[in-house]
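Since the structure comes first, as structure tokens, the remarks are kept for the end.
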Amino acid sequence: MRRILIAGGLILALLAALAYWWPRQPMAFDGESIELAIEPGTPPKAVAQAVADAGVRVNPTLLYALFRFSGDARQIRAGNYEIERGLTPQRLLLKLVRGEESLQSLTLVEGWNWRQVREALARAGNLRGDSRELTDAQIMERLGQPGVPPEGRFFPDTYTYSRGSSDLKVLQRALHAMDRKLAAAWQQRAPDLPLKTPTDALILASIVEKETGKSSDRAQIAGVFINRLRIGMLLQTDPTVIYGLGEAFDGNLRRRDLLADTPWNTYTRAGLPPTPIAMPGKAALMAAVQPAPTRALYFVARGDGSSVFSATLDEHNRAVNRYQRGQ
């Protein structure tokens, strides 16, 4: 009887040691990582089997036992996970319970227009293209802003998402981000600006974004456009003309293009265009609402990214001759 008790105690001790040791040992598999997809509603036992079926050399019964005895089996979350080399069963369980999914990323670049955003969404890996067959108006309606043009309404940033996520979810986050950034900038606007609404600020910021070659010039460029708006002077900014031309623009802006009237041609129409022309970043938003105090009404590119600012047309013409015409 004593021998039986001793043997039983040894077996229990061995099982206890195994229960402590095994969950802390790296799991083996071929390659550097394995993708594991857990669908909603998958029971813990099926999750353990899915790990083995994905290519991990692990006993699914032991893995399921770990899930059960940990008390966390019911906390395992659905999602797409990456099993990296060196991952232990214990760490895998923690990853599944915390929902540490493998994430993809999509970067929306400052100065991009809406067409470029849609192209980036279509190219994004492992992103479900729910917006692909929708019109612009349908997309904005799905996002809760019916009747609002999509141009400029999404904040340029890098957004992460899990595999199989909807592109509408990414757009929703970018839309809310721009709403927050724009509202914060509007609250900090300088007094007596000739901007009536936050949308006016967004439109001006998009022009500043496209006109700025050197970041230190942003506020000064915004100041020029604010001065022009104050006195009713045409904005005469090339990026708005190019935007109005759309896909017809071939990279060469001609005089006839400046004379071709569109709602976005600021050479033929006074005031701000009807919509933004691109996605402005935070710096352009702040420049639009806090422009530099300046007497300048004109600016011209030096050719190195910076601009020369002038208060009179004569000064401007001299700058154009020097930097654009090589005189």
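Here are the numbers for this structure:
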{"item": "Length gained when the stretch Ala184-Arg98 is fully extended (0.36 nm per residue, less Cα-Cα span)", "result": "27.7 nm"}
{"item": "Residue of Leu193, Leu253, Leu272 that the Gaussian network model of the chain assigns the largest fluctuation, springs spanning Cα pairs under 10 Å", "result": "Leu253"}
{"item": "Percent of alpha-carbon pairs separated by more than 19 Å within segment 142-288", "result": "55"}
{"item": "Estimated vicinal HN-Hα couplings, Hz - segment 108-125 in sequence order (Karplus 6.51, -1.76, 1.60; Gly, Pro = x)", "result": "9, 8, 3, x, 5, 9, 5, 4, 5, 5, 5, 5, 5, 4, 5, 7, 4, x"}
{"item": "Segment Gln138-Ser166, extension gain: residue separation times 0.36 nm, minus the distance between their alpha carbons", "result": "8.6 nm"}
{"item": "Sites Arg24 and Ala270, calculated FRET efficiency, Cβ-Cβ separation with R0 51 Å, nearest 0.05", "result": "0.10"}
{"item": "Which of Asn113, Ser70, Pro26, positive extreme of dipole for segment 22-170 (C-beta unit charges)", "result": "Ser70"}
{"item": "Local net charge near Thr42, Cβ-Cβ under 13 Å (Lys/Arg +1, Asp/Glu -1)", "result": "+1"}
{"item": "Spin-label pair Thr158/Arg85, simplified geometry with 7 Å Cα→Cβ offset, distance in nm", "result": "2.4"}
{"item": "Candidates Ile34, Ile221, Ile277, ranked by Gaussian network fluctuation over the chain, Cα under 10 Å, top entry", "result": "Ile34"}
{"item": "Between segment 168-242 and segment 269-294, the alpha-carbon center distance in angstrom", "result": "2"}
{"item": "For Phe155, distant residues with modelled amide H under 5 Å away", "result": "Leu175, Ala177, Met178"}
{"item": "Simple Cβ-charge dipole of segment 63-221, Lys/Arg +1 and Asp/Glu -1, about Cα centre, in debye nearest 20", "result": "600"}
{"item": "Charged-residue dipole, Cβ positions (Lys, Arg, Asp, Glu), segment 177-325 about Cα centre, Debye nearest 20", "result": "280"}
{"item": "Estimated vicinal HN-Hα couplings, Hz - segment 51-62 in sequence order (Karplus 6.51, -1.76, 1.60; Gly, Pro = x)", "result": "4, 5, 5, 6, x, 7, 7, 9, 6, x, 5, 5"}
{"item": "Residue with peak Gaussian network fluctuation, the chain [Cα springs, cutoff 10 Å], from Arg228, Arg77, Arg255", "result": "Arg255"}
{"item": "Per-residue ³J(HN,Hα) for segment 166-180, Karplus 6.51 cos²θ - 1.76 cosθ + 1.60, θ = phi - 60°, Hz, x for Gly and Pro", "result": "7, 5, 5, 5, 5, 4, 4, 5, 5, 5, 5, 4, 5, 4, 5"}
{"item": "Between 0 and 90°, nearest 10: helix 198-211 axis offset from the chain longest Cα axis", "result": "80"}
{"item": "Extension gain, Ser306 back to Val148 (0.36 nm per residue minus Cα-Cα distance, nm)", "result": "53.5 nm"}
{"item": "Accessible-area order (highest first, 1.4 angstrom probe) of the listed residues Val117, Val148, Val109", "result": "Val109, Val148, Val117"}
{"item": "Rounded to 5, the percent of DSSP beta bridges in the chain classed as antiparallel", "result": "90"}
{"item": "Highest-first arrangement of 58-67, 132-141, where packing means the average Cβ count within 10 Å", "result": "58-67, 132-141"}
{"item": "Over segment 27-99, volume per residue of the alpha carbon convex hull, in Å³", "result": "70"}
{"item": "Cβ-Cβ FRET estimate between Thr197 and Ala122, R0 fixed at 45 Å, reported to 0.05", "result": "0.90"}
{"item": "Helix axis angle, 218-231 relative to the chain longest principal axis, alpha carbon, degrees", "result": "50"}
{"item": "Largest to smallest principal axis extent of the C-alpha atoms in the chain, angstrom", "result": "111, 39, 37"}
{"item": "Accessible surface of the chain [probe 1.4 Å, protein heavy atoms]: carbon and sulfur percent", "result": "51"}
{"item": "Mean residue ellipticity (222 nm) of the chain, computed from DSSP H runs ≥ 4 via -39,500 (n - 2.57), nearest 500", "result": "-14000 deg cm²/dmol"}
{"item": "For the chain: accessible area per residue (Å², 1.4 Å)", "result": "55"}
{"item": "Nonlocal amide H pairs with Tyr298, under 5 Å, H built at 1.01 Å", "result": "Ser310"}
{"item": "In the chain, lysine pairs closer than 19 Å at Cα, eight or more apart or cross-chain", "result": "7"}
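The values are calculated or read from the model by the stated rules, or taken from the named source; none is laboratory data. Predicted model, so just to flag it, every value in this text is computed and none were measured. For neighbour counting, all protein chains shown are included, and Cβ atoms are generated from backbone atoms with ideal geometry for every residue, glycine included. Please note that ligands, DNA and RNA were not included when accessible areas were found on the heavy atoms of the full protein model with its side chains. Shrake-Rupley method; radii C 1.70, N 1.55, O 1.52, S 1.80 Å.
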